[in-house]
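Worksheet: the structure to be examined is printed underneath.
The values are calculated or read from the model by the stated rules, or taken from the named source; none is laboratory data. This is a predicted model, so every value here is computed, not measured. In this analysis, Cβ positions are derived from the backbone assuming ideal geometry, glycine residues included, and neighbour counts consider all displayed protein chains. Protein only, heavy atoms only, side chains kept; ligands, DNA and RNA dropped before computing areas. Shrake-Rupley method; radii C 1.70, N 1.55, O 1.52, S 1.80 Å.
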Amino acid sequence: MSCETAVMTGMKRFAAAALAAGLFGGAAIAGGQFAALAGLQRGTWQFKEIGANNVRAVCAADPFRLIQFNHPGPACARFAIVDAASQVTIQYNCGPRGYGKTTITVAQPGQIRLDTQGIAPDGRPFDTSYEGQFAGPCAPPPPR
């Protein structure tokens, strides 16, 4: 192996290790808790679209659910961009179901701002901001 090839191989290994360790401004997420989400109440949240009258209720037994606001269902591959005490920004990729980036800013434990943008599962782009207010416990599932 030439010296130049050895240097390039070493640089590629360093870059791969640095990305895995999150040294370039983010970290891949397998699961876990973020400081901004840790203090949020679990239950129903009412989201009012900023600049519109649309209101949406979401049962968030796990606040992590709010990250994929427009991509319900299984967790997608996620990458943390910001993880601070009052704000978290996550970029996620759901493969053929689309992708997005969500920022959740906590004003106080029962009040948040949620900014989300990306491509929805139906292929349409979205770029929306919401004011979120905790509303109470999630409704029990309907009887079967």
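Here the extension length gained between GLN133 and ARG42 equals 31.6 nm, from 0.36 nm per residue of separation less the Cα-Cα distance.
Could you work out what % of the accessible surface of the range 45-94 is carbon and sulfur, using a 1.4 angstrom probe and leaving DNA, RNA and ligands out of the count? Carbon with sulfur: 53 percent of the solvent-accessible area.
With no solvent and one equal point scatterer per Cα, compute the Debye intensity ratio I(q)/I(0) for the range 49-144 at 0.15 Å⁻¹ and report its log10, rounded to two decimals. Those come out to -0.62, one per q. The protection proxy used here, the mean number of other Cβ atoms lying within 10 Å of each residue, ranks peptides 103-115, 42-54 as follows, highest first: 103-115, 42-54. Relative to its residue count, the range 74-124 spans a Cα convex hull of 85 Å³ per residue.
Length available on full extension from CYS59 to ASP115: 0.36 nm per residue minus the Cα-Cα distance, which gives 18.4 nm.
Local charge sum around GLY132 (other residues, Cβ-Cβ under 14 Å, Lys/Arg +1, Asp/Glu -1)?
With Lys, Arg at +1 and Asp, Glu at -1, the neighbours total +2.
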